[in-house]
Amino acid sequence: MSDHHAPLIDRVRLRSNQWRKLRSIVLNLSTLDTFYGKRFRETGVRVSGMNRLEDFAKLVPFTTKAEIQADREAHPPFGTNLTRAISQYTRFCQTSGTSTGKPMAWIDTPESWEAMLACWRKVFEAAGVVKGRDRICFAFSFGPFLGFWTAFEAASKDYMVLPAGGLSSQARLEMMARYGATVLCCTPTYALRLGELIGEPSGVERMSLRIQKIIVAGETGGSVPAIRQRLEKLWDAQVFDHHGMTEVGPVTFESPELPRHLIVIEDAYFAEVVDPATGLEVEDGQHGELVLTTLDRTVCPLLRYRTGDYVKKKLHRGRLTLEGGILSRIDDMVVLRGVNIYPSAIDAVVREFPEIVEYLVEQKKIDDMDEIELLIETDENIAKSLLKKLEARLRDTFSLRIPVRIVDSGSLPRHEFKAKRWRIVDPA
């Protein structure tokens, strides 16, 4: 569908509003003896020299996860990146720790929490979820991850919410059928897993389900065509992608007028897409790393935070979008015989074969060279023919021979939250 129906955004006015918010944040931080106050003084950042967003981007250095982590370790447990008295913070969340192995806590005041709920409402509104009519099933366990809580609380203001934490996949499908859920929220991986149980495996027939929309997040798959098509076929529903981070909050939404583009909520974030090597802003249509500055979540602010997300910058009618969603994590890229391989690209190929029940990529060094092998679970009756087709498809896609091995049914791990399908193996 064309995006000509989307509203035209006045970027001059938008930039002006962003700078108004950001100037207030920077002025406040410069007076405090906190993470950024100290940083400004150590790096010689002069707030008086900033008169616009471009000055901010030129003068303020990037913030990395490692720097925030080091501050937390030096000043446990919450670090010095707080702008209010600790007694004013009422909400606690924690990162998954998938990239560092060290989960980080983030705390919020009622005001900053409400700012994030406002972002999530935009996600629901853009997906066309109707107040008073739709019922949303949240098919995940309620751990300390921010996305779960903000999505659930934002939805509970306007829609009937069905919390399915602690239930089996079977029980979740039965709940959706019994109570007429029309929207499903979960990861792409888990939506696939649930969808594959519809019918004979679970006894819950598709005709008994009323799911019309699926909002996915937590992984790159939501904007991958093969995964979307498989989800839409399994559920006979429309898929909407979204992404956010515990460190910053809910960042993007997808609109039916612009499928497979994540639209940045620029009222709440000053976003940059930079060349990972030079740190300079890339041109429209180019790829780079997403860098975010929080404009509304000011009690635990992040300035020019390097997210590690690899994206394609695309402006549409004055809106900054990420074409194709989050393409990958920059640090996930593997170079195999001179070819750059991203996990999301392997995932996209595997999802072209619905016969594959589950898979895992094993990476190992052979003669100081990185090599990978793809392990798959499938029906043993079609295993040999599938093996040849999949190996040929991988060779056509990457111009590389990637070996595929069939493993016993049920031997690979199943995932409900962020799927970990890439394992580094010690050859010794």
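Charged side chains reduced to their Cβ positions (Lys and Arg at +1, Asp and Glu at -1) give segment 333-424 a dipole of some 180 debye around its Cα centre.
Once you reduce segment 68-128 and segment 347-371 to the center of their Cα atoms, the two points are 34 Å from each other. Gain on full extension, evaluated as 0.36 nm per residue between TYR179 and ILE424 minus their Cα-Cα distance, stands at 83.9 nm.
Under a crude label model (7 Å from the Cα following the beta-carbon direction), how far is MET333 from GLU380 in nanometres? Placing both labels 7 Å along Cα→Cβ, they lie 4.2 nm apart. For PHE124, the shell of other residues with beta-carbons less than 11 Å away shows a net charge of +2, using +1 for Lys and Arg and -1 for Asp and Glu. Using only side-chain charges placed at the Cβ, +1 for Lys and Arg and -1 for Asp and Glu, the dipole size of the chain relative to its Cα centre rounds to 900 debye. Between LEU280 and ALA66, the FRET efficiency from the beta-carbon distance, with R0 = 30 Å, is close to 0.90. All other residues whose Cβ lies under 15 angstrom from that of GLY44 are scored, Lys and Arg at +1 and Asp and Glu at -1, for a net of +3.
Approximating the spin labels as points 7 Å out from Cα along Cα→Cβ, the LEU8-to-SER141 distance works out to 5.1 nm. The label-point distance for ALA74 and ASP367, in a model that sets each label 7 Å from Cα toward Cβ, rounds to 4.7 nm. Gain in length, VAL357 to ALA85, computed as 0.36 nm per residue apart minus the alpha-carbon separation, to one decimal in nm? Extra length available between VAL357 and ALA85 comes to 92.9 nm. Compactness of segment 114-242 was expressed as the Cα radius of gyration divided by 2.2 N^0.38 Å, which yields 0.97. In segment 19-121, if the dipole is taken from +1 on Lys/Arg beta carbons and -1 on Asp/Glu beta carbons about the Cα centre, which of SER112, LEU22, ALA66 is farthest to the positive end? Ranked along the dipole, the leading option is LEU22. Segment 151-230 and segment 380-400 have their alpha-carbon centroids 30 Å apart. Computed from the C-alpha gyration tensor, the three semi-axes of the ellipsoid equivalent to segment 184-342 are 31, 19, 14 Å, from longest to shortest. Measure nothing fancy, just the Cα-based angle from helix 225-235's long axis to the longest principal axis of the chain, in degrees from 0 to 90, nearest 10. Rounded to the nearest ten degrees, it is 70. Comparing VAL264, TYR179, GLY49 along the charge dipole axis of the chain, the residue lying farthest to the positive side is GLY49, per the Cβ-charge model. Using the Cβ of ILE198 as centre and a radius below 14 Å, the other residues enclosed give a net charge of 0, where K and R count +1 and D and E count -1. Considering only VAL129, PRO201, THR150, and ranking their Cα positions along the charge dipole of segment 114-242 that arises from unit charges at the beta-carbon of Lys, Arg, Asp and Glu, the one farthest toward the positive end is VAL129.
Residues of segment 288-309 falling in the label zone of LYS157, defined by backbone nitrogen less than 20 Å from a point 7 Å along Cα to beta-carbon, are 294-300. Here the Kirkwood formula, the inverse mean of 1/r across different C-alpha pairs, assigns segment 333-424 a hydrodynamic radius of 13.7 Å.
Nearest 5 percent is fine: what portion of the DSSP beta bridges confined to the chain is antiparallel? Antiparallel bridges make up about 65 percent of those DSSP assigns within the chain. Tell me the angle of helix 65-74 to the major Cα principal axis of the chain, expressed in degrees between 0 and 90 and rounded to the nearest ten. Result, in degrees: 70. The stretch between GLN229 and LEU315 holds 28.4 nm of extra length on full extension. This uses 0.36 nm per residue minus the Cα-Cα distance. A DSSP coil position with no more than 15 other Cβ atoms inside 10 Å describes the following GluC sites (Glu not before Pro) in segment 121-210: GLU205. When only the Cβ of Lys, Arg, Asp and Glu is charged (+1, +1, -1, -1), the dipole of segment 77-185 relative to its Cα centre reaches about 120 debye. Computed over the Cα atoms of the chain, the ratio of the radius of gyration to the Kirkwood radius (Rg/Rh) comes to 0.97.
FYI, it's all coordinate maths here, none of it is from the lab. Keep in mind that this is a model prediction, so the values were computed, not measured. Backbone-built Cβ (ideal geometry, glycine too); neighbour counts: all protein chains shown.
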